[in-house]
Amino acid sequence: MNHDIDIKKVRVNCFRQSKVAGEFMLQLRVPGGLIDAKYLSVIQEICQRWGNGTFHIGTRQTLNAPGIKYEYIDEVNKFIKDYIKGVDVEMCDVDMEVNEAGYPTIGARNVMSCIGNAHCIKGNVNTYKLARKIEKLVFPSHYHIKVAVAGCPNDCVKGNFNDFGVMGVHKQVYDIDRCIGCGSCVEACEHHATGVLSLNAQGKIDKDTCCCVGCGECSLICPTGAWSRGKQLYRVTLGGRTGKQNPRAGKLFLNWVTEDVVLGMFANWQKFSAWALDYKPEYLHGGHLIDRVGYKAFVKHIFEGVEFNPEAKMADDIYWAENEQRGNMHVMPLSQHKFAGPSDERGYSFAPKTK
């Protein structure tokens, strides 16, 4: 077969090009990383019937079927119609037409999440439910965005390296009358969090509220229930990304905001992206788009019509750190390194071997 293929069109259809000419990998969306187990038979049949018999769990929690030949793409698209309807339309309430042409766009990447408080004892929020709500707001769209939802500041899902990293937090509530002064919360906070708790002379707890990250370690360990998770809130990091050219960690953008603020922000994403790109979608991920527009203009558009809760905090400005990979910061020939302590005859304290 002569493979005269429009690669861009196939990619928009959620098929990724392979190094083998004429072969592609389908990526099935799994918003929030949690679906009914019955759908595993769908990806199994795709892999065995049209693929090369192997299965790949995507780094963005997609279900991937490698080795699909170009001539089978139409058949595969017809086959996944019920999957798309069941997962995006019925599970996430996405407003989209489902036909036999497969996914309408790759645009907004699969919204990832950890298992959250549906299982994890550390989880502060139901991550996959929030992920599904975000999916409804950002998909389908030709405008690119990467989102990850973490149940707590442990950030196991690595939201810090996404355009938006959403993390569940709580304003912990302290009942002084239930406290027996055992110090368990102080030790837990010191070992697992930010060390903001201390025992005072009366055998009760003092807290440095400015540095509390809302993780809930105190509530988790307290034997008497003196600490409890209070109002459910979120923190959001912005502009994180991987990549060869300008990788960087996200910066703290929002703290102590409600779910309504988070969803209001995502509800404006497509409108903001359209304005920023003059209504001409291009392959440009969210963080790069924010860089192009500038932080102040981004904030103005992304929070249009959004009402903040009283506890909410937002970055007045964000100063992105220079990326070490691009600038070769701290990387230099061994002969230029400076070391403390005893050195060998060449001046190296650890005598590195070079050819």
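Every number here is computed from the coordinates shown, using simple stated rules; none is lab data. For clarity, every value in this text was computed on a predicted model and none was experimentally measured. Cβ coordinates were reconstructed from backbone atoms using ideal geometry, including for glycine residues, and neighbour counts include every protein chain displayed.
At what distance in nm do the modelled label points of Leu284 and Asp74 sit from each other, each positioned 7 Å from its Cα along Cα→Cβ?
3.6 nm
May I ask you to work out the translational diffusion coefficient for segment 7-91 at 4 °C, viscosity 1.567 mPa s, via Stokes-Einstein with Rh from the Kirkwood sum over Cα pairs, reported in whole µm²/s?
Rounded, D is 100 µm²/s.
Sticking with the crude label model, points 7 Å out along Cα→Cβ, report the distance from Lys81 to Ala201 in nm, one decimal please.
In this crude label model, Lys81 to Ala201 measures out at 7.8 nm.
Quick check on my link table: of Lys9/Lys280; Lys146/Lys244; Lys85/Lys133; Lys8/Lys69; Lys9/Lys244, which ones sit more than 21 Å apart, alpha carbon to alpha carbon?
Violating the 21 Å Cα-Cα cut-off are Lys9/Lys244.
What are the ³J(HN,Hα) couplings of segment 45-52, residue after residue, when phi is run through the Karplus curve with 6.51, -1.76, 1.60 and θ = phi - 60°? Round to Hz, x for glycine and proline.
These are the phi-based 3J(HN,Hα) values: 5, 4, 4, 7, 8, 10, x, 9 Hz.
Just one of (1) 24.3, 82; (2) 21.4, 68; (3) 19.8, 65 is Rg and Dmax of the Cα atoms in Å as worked out from the coordinates here. Which one is it?
Working out Rg and Dmax of the Cα atoms in Å from the coordinates points to (1).
Karplus couplings for segment 8-13 from phi (6.51 cos²θ - 1.76 cosθ + 1.60, θ = phi - 60°), rounded to Hz, Gly and Pro as x?
Here the 3J(HN,Hα) series is 4, 5, 5, 5, 4, 7 Hz.
Got a sec? Which residues in segment 59-100 would a label at Arg11 touch, if it sits 7 Å along Cα→Cβ and we count backbone N under 11 Å?
none
Among the lysines, which fall within straight-line cross-link reach of Lys207, defined as a Cα-Cα distance under 16 Å, with same-chain neighbours fewer than 8 residues apart omitted?
Lys171
Residues with amide H under 5 Å of Arg16's amide H, sequence separation 5 or more or different chain, H placed in the peptide plane at 1.01 Å from N; which?
Correct list: Met25, Leu26, Gln27.
Determine the gain in length on full extension of the stretch Ala315-Ala118; use 0.36 nm per residue of separation and subtract their C-alpha separation, reporting nm with one decimal.
Stretched out fully, the Ala315 to Ala118 stretch lengthens by 67.9 nm.
Ranking request for peptides 297-305, 4-12: highest mean number of other beta-carbon atoms within 10 Å first, then the rest in descending order.
Numbers: 297-305: 15.6, 4-12: 12.1.
In descending order of packing, they fall as 297-305, 4-12.
Around Lys69, under 13 Å between beta carbons, what's the net of Lys plus Arg minus Asp minus Glu among the other residues?
-3
Sorted from fewest to most neighbouring beta carbons within 10 Å, what does the list Ser228, Ser184 look like?
Result, fewest neighbours first: Ser228, Ser184.
Enumerate the amide H contacts of Ala108 below 5 Å, restricted to partners 5 or more residues apart or on another chain; note that Pro and chain-start residues carry no placed amide H.
Ser141, Tyr143, Ile145
Can you tell me the FRET efficiency between Leu252 and Asp291 if r is taken as the Cβ-Cβ distance and R0 is 22 Å, rounded to the nearest 0.05?
Working: r = 17 Å, r/R0 = 0.77.
Efficiency for this residue pair is about 0.80.
Would you grab the residues whose amide H sits under 5 Å from the one on Trp227? Only those 5+ places off in sequence or on another chain, please, with H modelled 1.01 Å from N.
Asp175
Mind ranking 214-224, 16-26 by how tightly packed they are, going by the mean number of other C-beta atoms within 10 angstrom, highest first? Walk me through the numbers on the way to the answer.
Values: 214-224: 19.8, 16-26: 16.7.
Top of the packing list down: 214-224, 16-26.
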